[in-house]
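The structure appears below as structure tokens.
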Amino acid sequence: MIRSHDSIIVQTLGRFLIPVVQMFGLYVLFFGQYGPGGGFVGGVILGAGMILSILIFGYDASRSRFAQKVLHGDGVGMLIYAGVGGLCMIGGGEFLNYANLEIPGLEIASRRSLGIVLTQIGVAVDVMVTAISIVFSLSAEEIIEDSIDG
Amino acid sequence: MSHQLPAILFLLPLFAAISMPVVCLKHHHWSRPISVVILAAMVPFSILNLYNVIRHGEVRYAFSGWSAPLGIEWVADGLASVILLLLSALGLLGVLFAGPTSPKALGGRIVHYYTLIMLLVSALTGIVFAGDLFNLFVFLEVAAISSYALVGIAGGRAIFAAFRYLILGTIGASLYLLGVSYLYAVTGTLNMADIAGKLPMLLDSKALIGGLLFIFIGLGIKMALVPFHAWLPEAYTYAPEPISAILAPLITKVVLLAWVRIIYWVLNATIVIYDIPILLLVAALGALASVIGASLALAQRDIKMMFAYGGIAHIGIILIGFGQGNPTGFAGGVFYLLNDAVMQASLFYIAGIAFCQYGVKTIDELGRIGKQVPWLTGSLIVVGLGMIGLPPTGGFFGKWYIILGALEADDYVSVAAVILSTLLTLAYFVKLFECMFRQSSTRSDDQFEEIPFSLKLTMGVTSAAVVILGIFSAPIVQLLLNQALPPGL
């Protein structure tokens with residue numbers, strides 16, 4: 001079990017730092033379409049922000065509640081990814097052929113752009129959850145057991 | 001719709017695996033029906049896919065619309081479609097078998113079990129369909145990681161076996177990846193068809209030979225070829241019953257298929273590197289494996305251990321078929337692979353039922369169930385006939401075509417190895433039956449509980465399949481000769 005850190009300096013710094021880290025993670029995630037970055041890196045940064053919050057405020061703190069909830073969502077990211085791919089298949093193309101995303105009023109180029117963003121979000125969610133669950137499984141076994149066994 | 005089938009077949013179990021932990025978070029008992037439905041849906045889809053391939057030729061599926069050398073490609077040809085039908089049918093039977101035995105054997109980890117099984121099935125589908133070497137590696141690793149976890153799922157002694165499997169399997173995967181990187185360095189591509197086009201000019205390249213050697217050793221470890229088989233018997237023996245019943249028929253055979261694909265589709269099988277025809281090497285390794293595996297099986301007293309070594313010997317026999325380099329041997333190898341998978345499944349179902357229902361673990365205890373449990377005894381006799389290779393069963397016809405192929409190629413050592421292995425198989429089954437019938441139970445008033453229906457069903461279906469494959473061997477082999485042969489054979 002991870003307890004909260006008792007130093008006020010660490011706590012105050014964390015309060016400022018964590019939102020910045022999260023914002024940067026989102027920036028990297030969405031910037032990935034036009035430059036270096038993308039779902040994997042963005043997901044790691046988002047996960048790192050939550051790990052920071054758990055390390056500073058402890059597992060039980062209200063600030064870490066989101067991280068606790070996220071842990072149950074293992075696989076949601078893959079579902080988003082596979083869902084976008086499946087929509088492409090329903091549209092008549094190959095798996096992940098974004099040109100076949102049947103969204104009215106969008107040109108093919110914008111469909112591709114939208115498809116890439118959606119799959120990258122899926123990747124980011126999964127990487128984030130995996131990063132958090134690695135930290136948990138290294139720190140305390142019983143949390144992982146509870147989270148999977150219900 | 002029909003051109004999407006290869007992708008659908010892969011995505012169905014993958015989708016199920018990733019949504020299982022979320023869906024079954026609150027309702028553990030949903031995991032079994034979900035898996036059964038998904039695998040039951042895979043069977044007709046794979047039949048449809050096979051039909052489609054037979055009618056219209058092979059399907060090449062380019063993911064996200066990027067065509068072959070650039071993108072990721074799925075190749076659904078005759079061989080892949082036949083193996084996929086086998087894979088989905090045995091997966092379904094394995095999950096049906098797991099139902100009544102699982103809660104006790106798995107230590108309550110039901111959701112873990114079904115999630116990992118679905119992941120395993122989708123990874124094996126990926127190995128069967130993968131059209132490039134790197135994706136083959138990815139799916140090999142996904143399949144391997146889920147099987148390490150499955151072997152060790154219930155804890156106890158299996159954890160040691162799982163750890164050993166993990167170490168050896170990881171060494172195998174690393175060697176394979178190293179070999180792939182050598183080939184990539186030489187040819188500049190990972191797509192199998194693309195490499196096949198570029199290789200003839202590069203046969204003198206030392207990097208190519210090094211890479212091939214690494215790939216062969218890596219896959220050899222994964223498919224428990226004889227010098228590298230150390231992980232298999234313990235992993236399958238100490239794994240819980242519902243798990244060894246799925247792993248034993250599928251893992252090694254599908255990896256063997258990947259090996260065959262590299263030998264025949266990527267390399268042209270007739271190539272000679274430094275005066276060594278590689279097919280001679282395949283046949284020699286097969287002969288070695290078939291004899292050594294069967295001799296080791298003869299020395300076992302634990303039933304599952306004996307069957308596991310039997311499986312190692314049969315990998316050798318299949319390789320002898322593939323090593324002959326003629327259509328008869330190749331089709332015989334594929335046909336024997338189908339039979340062997342069915343027989344291994346059946347044997348591990350029988351061993352699982354014997355242990356879970358009657359507590360029988362070694363052949364000395366088999367006498368307790370000899371005449372009292374006709375279902376079990378009957379299936380064991382049928383499958384035993386198949387393993388030995390007596391005429392009405394598929395095992396006989398498989399060996400028959402393999403020997404015909406070897407005679408065609410004038411490879412008398414292989415013929416001798418197949419016959420010797422058959423005799424050794426006969427020996428260990430005689431030993432098994434002798435223990436079963438001679439030491440009849442002294443306590444005839446033993447109360448035996450009835451075998452649950454789904455166990456009877458799985459055992460009955462596989463035992464019947466051993467015979468049915470034999471009866472319909474001619475059309476099946478004809479189909480394989482027409483559809484599943486590699487180019488240039």
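The values are calculated or read from the model by the stated rules, or taken from the named source; none is laboratory data. Just so it is clear, the model here is predicted, and its values are computed rather than measured. Please note: Cβ atoms are built from the backbone with ideal geometry, for glycine as well, and neighbour counts cover all protein chains shown.
Report yes if B:I54 is within 21 Å of the chain's Cα centre (by Cα), farther than 22 Å from A:A82 by Cβ and away from every other protein chain (no Cβ under 14 Å), otherwise no.
On the way: within 21 Å of the chain's Cα centre (by Cα): no; farther than 22 Å from A:A82 by Cβ: yes; away from every other protein chain (no Cβ under 14 Å): yes.
Judged against the criteria, B:I54 is not a match.
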Of the conditions (1) surrounded by 17 or more Cβ atoms within 10 Å (Cβ to Cβ); (2) outside any helix (DSSP H, G or I); (3) within 11 Å of another protein chain (Cβ to nearest Cβ), B:Q4 satisfies every one except a single condition; which number is it? (2)
Could you tell me which numbered condition B:A406 fails, if it satisfies all but one of (1) modelled with pLDDT of 85 or more; (2) of a type outside the set (D, E); (3) touching a Lys or Arg at 6+ places or on another chain (Cβ under 8 Å)? (3)
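Can you give me the number of residues within segment B:41-60 that are free of Cβ contacts under 8 Å to residues at least 60 places away in the same chain, aliphatic (A, V, I, L, M) and assigned to a helix (DSSP H, G or I)? Spell out the reasoning first.
If we filter segment B:41-60 for residues that are free of Cβ contacts under 8 Å to residues at least 60 places away in the same chain, which is where we start, we get B:41, B:43-52, B:55-59.
Add one more test, that the residue is aliphatic (A, V, I, L, M), and what stays is B:41, B:43, B:47-48, B:50, B:59.
Keeping just the survivors that are assigned to a helix (DSSP H, G or I) gives B:41, B:43, B:47-48, B:50.
Residues that pass the stated criteria total 5.
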Tally up the residues in segment B:202-260 that are charged (D, E, K, R), without any contact (Cβ under 8 Å) to a residue 60 or more places away in the chain and either farther than 29 Å from B:A185 by Cβ or part of a helix (DSSP H, G or I) (or both), please. 1
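Taking the stated definitions as given, is B:L116 within 14 Å of another protein chain (Cβ to nearest Cβ), closer than 24 Å to B:T170 by Cα and touching a helix residue (DSSP H, G or I) at 6+ places or on another chain (Cβ under 7 Å)?
On the way: within 14 Å of another protein chain (Cβ to nearest Cβ): yes; closer than 24 Å to B:T170 by Cα: yes; touching a helix residue (DSSP H, G or I) at 6+ places or on another chain (Cβ under 7 Å): yes.
Spelling it out, B:L116 is indeed within 14 Å of another protein chain (Cβ to nearest Cβ), closer than 24 Å to B:T170 by Cα and touching a helix residue (DSSP H, G or I) at 6+ places or on another chain (Cβ under 7 Å).
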Which numbered condition trips up A:A48, out of (1) out of contact with any helix residue (DSSP H, G or I) (no Cβ under 6 Å at 6 or more places or on another chain); (2) surrounded by fewer than 18 Cβ atoms within 10 Å (Cβ to Cβ)? (2)
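A:Y34: within 14 Å of chain B (Cβ to nearest Cβ) and of a type in the set (F, W, Y), yes or no?
Details: within 14 Å of chain B (Cβ to nearest Cβ): no; of a type in the set (F, W, Y): yes.
So A:Y34 does not fit the description; no.
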What's the total number of residues in segment A:1-41 that are within 13 Å of the chain's Cα centre (by Cα) and small (G, A, S)? 3
Mind listing whichever residues of segment A:1-59 are polar (S, T, N, Q) and under 22 Å from A:S137 (Cβ atoms)? A:S4, A:S53
Taking segment B:393-420 only, how many residues are within 20 Å of B:L380 (Cβ to Cβ) and of a type in the set (S, T, Y)? 1
Kindly check whether there is at least one residue in segment B:19-36 that is crowded, with 20+ Cβ neighbours inside 10 Å, within 12 Å of another protein chain (Cβ to nearest Cβ) and either under 22 Å from the mean Cα position of the chain (by Cα) or of a type in the set (D, E) (or both). no
Segment B:475-489, residues that are touching a residue at least 60 places away in the same chain (Cβ under 8 Å) and either on the phi < 0 side of the Ramachandran plot or assigned to a helix (DSSP H, G or I) (or both): B:I476, B:V477, B:L479, B:L480, B:L481, B:N482, B:Q483, B:A484, B:L485, B:P486, B:P487, B:L489
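Evaluate segment B:429-446: report whether one residue or more is among the polar types (S, T, N, Q) and at pLDDT 90 or above.
Within segment B:429-446, the subset among the polar types (S, T, N, Q) is B:439-442, B:444.
Next, only the ones that are at pLDDT 90 or above stay: none.
No, that holds for no residue.
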Scan segment A:84-97 and tell me whether some residue there is modelled with pLDDT under 85 and under 22 Å from the mean Cα position of the chain (by Cα). yes
Would you be able to tell me the number of residues in segment B:19-40 that are free of Cβ contacts under 8 Å to residues at least 24 places away in the same chain and in a helix (DSSP H, G or I)? 6
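Name the residues in segment B:341-380 that are among the β-branched types (V, I, T) and part of a loop (DSSP other than H, G, I, E, B), would you? Full working, then the answer.
Filtering segment B:341-380 for residues among the β-branched types (V, I, T) gives B:342, B:350, B:353, B:360, B:362-363, B:369, B:373, B:377.
Those that are among the β-branched types (V, I, T) and part of a loop (DSSP other than H, G, I, E, B): B:V360, B:V373.
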Restricting to segment A:60-90, what's the tally of residues that are away from chain B (no Cβ under 11 Å) and either in contact with a strand residue (DSSP E or B) (Cβ under 9 Å, 6 or more places away or on another chain) or not in a helix (DSSP H, G or I) (or both)? 2
Expected single match for in contact with a Lys or Arg (Cβ under 6 Å, 6 or more places away or on another chain) and more than 27 Å from B:S81 (Cβ to Cβ) among B:I167, B:I171, B:I153 is B:I153
Applying the selection to segment A:91-124, what residues are within 16 Å of A:L29 (Cα to Cα), surrounded by 21 or more Cβ atoms within 10 Å (Cβ to Cβ) and either more than 10 Å from chain B (Cβ to nearest Cβ) or without any contact (Cβ under 8 Å) to a residue 40 or more places away in the chain (or both)? A:G115, A:Q120, A:G122, A:V123, A:A124
Give the residues of segment B:447-470 that are modelled with pLDDT of 80 or more and more than 27 Å from B:A297 (Cβ to Cβ), sorted by residue number. B:P452, B:F453, B:S454, B:L457
Looking only at residues that are within 11 Å of chain A (Cβ to nearest Cβ) and assigned to a strand (DSSP E or B) in segment B:61-85, which one is farthest from B:V342 (Cα to Cα)? B:A62
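Does A:V10 count as part of a helix (DSSP H, G or I), within 14 Å of A:M128 (Cβ to Cβ) and at pLDDT 85 or above?
Details: part of a helix (DSSP H, G or I): yes; within 14 Å of A:M128 (Cβ to Cβ): no; at pLDDT 85 or above: yes.
Spelling it out, it is not the case that A:V10 is part of a helix (DSSP H, G or I), within 14 Å of A:M128 (Cβ to Cβ) and at pLDDT 85 or above.
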